[in-house]
1. In segment 287-309, how many are within 16 Å of ligand 2 (Cβ to nearest atom), open to solvent by less than 30 Å² (accessible area, probe 1.4 Å) and either in a loop (DSSP other than H, G, I, E, B) or of a type in the set (Asp, Glu) (or both)?
2. Can you pull out the residues in segment 132-169 that are under 19 Å from Gly366 (Cβ atoms) and away from ligand 2 (no atom under 14 Å from the Cβ)?
3. Which one of these is open to solvent by less than 30 Å² (accessible area, probe 1.4 Å), touching a residue at least 12 places away in the same chain (Cβ under 8 Å) and not small (Gly, Ala, Ser): Arg225, Arg173, Arg188?
4. When segment 310-365 is examined, which residues are found to be under 17 Å from Leu254 (Cβ atoms), within 16 Å of ligand 2 (Cβ to nearest atom) and open to solvent by 40 Å² or more (accessible area, probe 1.4 Å)?
5. Can you tell me how many residues in segment 83-93 are open to solvent by 20 Å² or more (accessible area, probe 1.4 Å) and in contact with a Phe, Trp or Tyr (Cβ under 7 Å, 6 or more places away or on another chain)?
6. Among the numbered criteria (1) farther than 27 Å from Arg10 by Cβ; (2) part of a helix (DSSP H, G or I); (3) in contact with a helix residue (DSSP H, G or I) (Cβ under 8 Å, 6 or more places away or on another chain), which one does Gln210 miss?
7. Restricting attention to segment 240-264, which residues are away from ligand 2 (no atom under 14 Å from the Cβ) and assigned to a helix (DSSP H, G or I)?
8. Based on what the data block shows, is Lys275 surrounded by fewer than 19 Cβ atoms within 10 Å (Cβ to Cβ), farther than 25 Å from Asn204 by Cβ, more than 16 Å from ligand 1 (Cβ to nearest atom) and at pLDDT 95 or above?
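The values are calculated or read from the model by the stated rules, or taken from the named source; none is laboratory data. Since the model is a prediction, treat every value here as computed from it, not as a measurement. When we count neighbours, we look across all protein chains shown, and the Cβ atoms used for this are built from the backbone with ideal geometry, even at glycine. What goes into the accessible areas is simple: the full protein's heavy atoms, side chains included, and nothing from ligands, DNA or RNA. Shrake-Rupley method; radii C 1.70, N 1.55, O 1.52, S 1.80 Å.
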Amino acid sequence: MNIQLNPEERDRILAKAALFAPPENLLPDGRRDLVGLSRAELLDVVKEAGEQPFRAKQLWHWIYHQGVTDFSAMSSIARPLQEKFAEKFVIGRPETAIDQLSKDGTRKFLFKFRDSEKVETVYIPDPVEDRGAVCISSQVGCTLSCRFCHTGTQRLARNLSSAEIVGQFMAARDAYKEWPSPKGETPRLLSTIVLMGMGEPLYNYENVAQAMKIVMDGEGIALSRRRITLSTSGVVPMMDRAGEELGVNLAVSLHAVRDDLRDELVPLNRKYPIKELIAACKRYPGASNARRITFEYVMLKGINDSEIDARALVYLIAGLPAKVNLIPFNPWPGSAYETSTPAAIRKFANIVMDAGYASPVRTPRGQDILAACGQLKSAEIGVLAQPPIV
Ligand code: SAH
Ligand code: SF4
């Protein structure tokens with residue numbers, strides 16, 4: 001059986017994720033944080049507290065539609081019950097340890113969780129329209145150590161919980177006073193989520209999936225799946241599942257068109273080589289011209305940016321509804337690569353475009369505050385001392 005369809009391989013990935021499980025979402029005084037629970041879990045918690053099931057629906061509305069963090073603001077719930085809830089529960093947010101604004105409007109948050117682990121989250125305003133994307137982290141660190149990525153130098157401390165994943169978005173909304181959630185599709189500043197921060201989302205699948213189901217729920221934040229993009233370095237066995245269960249947009253960090261080079265740049269390629277990765281993209285549910293797969297391609301001077309590479313790329317993705325995001329390499333302290341020249345990037349982009357694929361060059365955002373792609377890092381641990389765990 002193909003590796004990508006082998007259930008044992010999926011189970012292995014999920015079992016490994018469990019080894020890095022986040023702590024329980026409880027306060028030291030025993031109160032439970034309600035953020036991050038699925039609807040069914042919230043219902044159980046409400047029933048356990050001896051309350052009627054419809055209370056779960058009310059709580060969901062106040063937490064995810066209104067964005068309140070205080071039970072006393074829940075005007076549809078009588079005072080005594082508000083007080084009872086406040087004795088048992090909290091509606092938490094990560095603590096904002098650092099909040100930095102770039103000169104281009106990009107804003108980077110360093111969020112701290114109850115166990116003091118931290119991640120970075122970036123708000124990227126659209127340069128033209130009044131809206132923007134929130135770039136969310138899924139893990140503290142990353143096991144994969146791609147050679148060009150700053151996060152990859154930070155050992156994986158642990159996975160984030162669904163509360164911590166959805167909490168990054170909610171805390172960013174707090175910062176922009178963007179509650180309540182809009183009804184329907186009205187564009188708002190924080191109108192898109194990209195799972196492109198720290199970590200590999202498909203190595204923390206269960207928590208990422210639960211968080212995305214919460215943000216997509218129509219009675220809460222209600223983001224459409226079209227407004228969510230999950231970026232993976234190519235965890236082939238989990239790609240099908242993400243497509244079936246979540247149906248969000250998929251971005252694939254390709255970065256090289258030959259296995260020997262990709263093995264070096266993205267070590268996960270040694271496990272799931274290019275051919276399997278492209279096959280998984282072809283199977284990705286809903287991939288169509290309207291919902292194209294994005295291939296991300298970091299432009300590294302003299303490494304992967306030749307015209308031959310560009311032609312091989314076009315050949316590789318032939319027949320796939322796709323676009324190619326060219327990302328000029330963003331340097332970070334100690335990085336070993338240089339950014340391709342603008343001329344090389346232009347040539348590369350033109351070859352891809354002439355073959356019929358959109359090939360936007362991603363303008364680096366927030367570089368002055370180390371908020372651009374691949375610059376995120378939340379610990380000063382230095383370069384990884386052990387080989388990547390794939
Ligand atoms: N782990 C996931 C998502 C986070 S990285 C993944 O690898 O897809 C988001 C994107 O930034 C990826 O395409 C990643 O390869 C790219 N990236 C990493 N380091 C970079 C750097 N220094 N310069 C430009 N892009 C980088
Ligand atoms: Fe991890 Fe993605 Fe960085 Fe690779 S590029 S080290 S998978 S965060």
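1. Residues flagged as within 16 Å of ligand 2 (Cβ to nearest atom), open to solvent by less than 30 Å² (accessible area, probe 1.4 Å) and either in a loop (DSSP other than H, G, I, E, B) or of a type in the set (Asp, Glu) (or both) within segment 287-309 amount to 2.
2. Gly132, Ala133, Val134, Gln168, Phe169
3. Arg173
4. The one that is under 17 Å from Leu254 (Cβ atoms), within 16 Å of ligand 2 (Cβ to nearest atom) and open to solvent by 40 Å² or more (accessible area, probe 1.4 Å): Arg362.
5. Qualifying residue count, segment 83-93: 1.
6. (1)
7. Correct list: Asp240, Arg241, Ala242, Gly243, Glu244, Glu245, Asp259, Asp260, Leu261.
8. yes
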